[in-house]
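Contents: one structure, followed by commentary.
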Amino acid sequence: MNNYLIYGDIGGTKTLLRVALVKEGDTEVCHEQRYDSQAYDDFDDILADFLHKAGMEKQNRYPTSACFAIAGPIVAQQAQLTNLPWLMEASALSADFSIPKVKLINDFEAIALGVEKLAPADLVTLQNGAETEPSMRVVLGAGTGMGVAWLHWQNKRYIPLPTEGGHIDFAPTSPLQMELLNFLTKKFGRVSIERLLSGPGLTNILDFLQSDPTRFPGIAPVELDEDSAATITTLAFEQRHPTALQAMDLFVEIYGAFAGNLALVGLCRSGVYIAGGIAPRIIDSLRQGGFMRAFHNKGRFSGLMSEIPVHVIMNPQVGMLGAELEAQRLIAD
């Protein structure tokens, strides 16, 4: 039996939707479209336009399931998007568009699910680790914020466990990082790891380094917006700006230490996966060694850390892969 499924990535800036045919276990994308989210009053208008342009009703093609990855929390299969005045509800979408099964998932949950469908070419491996029976995985990623999700092996498949791990406390591991914590404490009060491992976080790090003119005498401070990560990476990689280079080194060290902490908490013998928009852009820095040195630096457990695979996800559409996989599973459930 042929089944059509719809899946998408719904964000404050863009919405990407696909319809695919599932036939004898293979999936073939039939139609794909990208929308400017801000141009629509609600998601229903986008979905109606998408189904029309995909020719679903005209060709008597009716979707069996749909899964939408959303940039925001999901509560009882309802979602109020963080950066849009949209309220999405799975049961309403199912009824209004005659889709038997509809599921809403968090965008980072979709990224975690997408790990299962990644090809070797989608990954840069920082550490091969040791082969084990399937066990816990963790996916983390710095972008606008810091996302964290666990993947628990159960009933011969990985089950995603979404978290708010990006909001746990920052734990400094060096005198310089302790100074950084003190600097940010004066600014924010409590300092979560997201205050450092994100686009705004990289900006916070550079602000800290520039706050003491004796660190880089003769170097004029860089004027920064709240999220100047792109500017800082350009200064570091293209202009070899000394303050930006140190900011990048510090960012990478903190990233590695945090990834190692999560690997310990979950005993993630089946891998640590670095996602998010920043990692692919700074892949050369992640490969230089500072990330893995901080990852390994766990005292009596340093030996264990060398056994855990560590990969960087380079495929920007990993979330779509996860939404597709969940839409397929809805058919089978």
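With respect to the conditions (1) in contact with a strand residue (DSSP E or B) (Cβ under 9 Å, 6 or more places away or on another chain); (2) open to solvent by 40 Å² or more (accessible area, probe 1.4 Å); (3) modelled with pLDDT of 85 or more; (4) not charged (D, E, K, R), M1 falls short on a single one, namely (3). If you go through region 21-44 and pick out every residue that is surrounded by 13 or more Cβ atoms within 10 Å (Cβ to Cβ) and assigned to a helix (DSSP H, G or I), you end up with 3.
Does region 145-166 hold any residues that are in a strand (DSSP E or B) and of a type in the set (D, E, K, R), and which are they? Answer for region 145-166, where residues must be in a strand (DSSP E or B) and of a type in the set (D, E, K, R): just R157. When L224 is tested against (1) over 26 Å from N182 (Cβ atoms); (2) open to solvent by less than 50 Å² (accessible area, probe 1.4 Å), only condition (1) is not met. Cβ-Cβ contacts under 7 Å between residues 6 or more apart (or on different chains), taken from a first residue in region 303-317 that is buried (at least 18 other Cβ atoms within 10 Å of the Cβ) to a second residue that is among the polar types (S, T, N, Q) and part of a loop (DSSP other than H, G, I, E, B), are listed as P309/N128.
The residues on offer are T173, T185, and the sole one that is open to solvent by 10 Å² or more (accessible area, probe 1.4 Å), of a type in the set (V, I, T), farther than 25 Å from I282 by Cα and at pLDDT 95 or above is T185. Taken as a whole, the structure places L93 among residues that are more than 13 Å from A323 (Cβ to Cβ) and either touching a residue at least 24 places away in the same chain (Cβ under 8 Å) or not aromatic (F, W, Y) (or both). In region 45-64, of all residues being free of Cβ contacts under 8 Å to residues at least 24 places away in the same chain and not in a helix (DSSP H, G or I), the one that is nearest to the chain's Cα centre (by Cα) corresponds to E57.
Only one of the listed residues (A130, A90, A142, A121) is within 27 Å of S285 (Cβ to Cβ) and open to solvent by less than 30 Å² (accessible area, probe 1.4 Å). That residue is A142.
The values are calculated or read from the model by the stated rules, or taken from the named source; none is laboratory data. Remember, it's a predicted structure, so these values are computed and weren't measured experimentally. We place every Cβ from the backbone using ideal geometry, glycine too, and count neighbours over all the protein chains shown. Areas reflect the complete protein model, heavy atoms only, side chains present, ligands, DNA and RNA absent. Shrake-Rupley method; radii C 1.70, N 1.55, O 1.52, S 1.80 Å.
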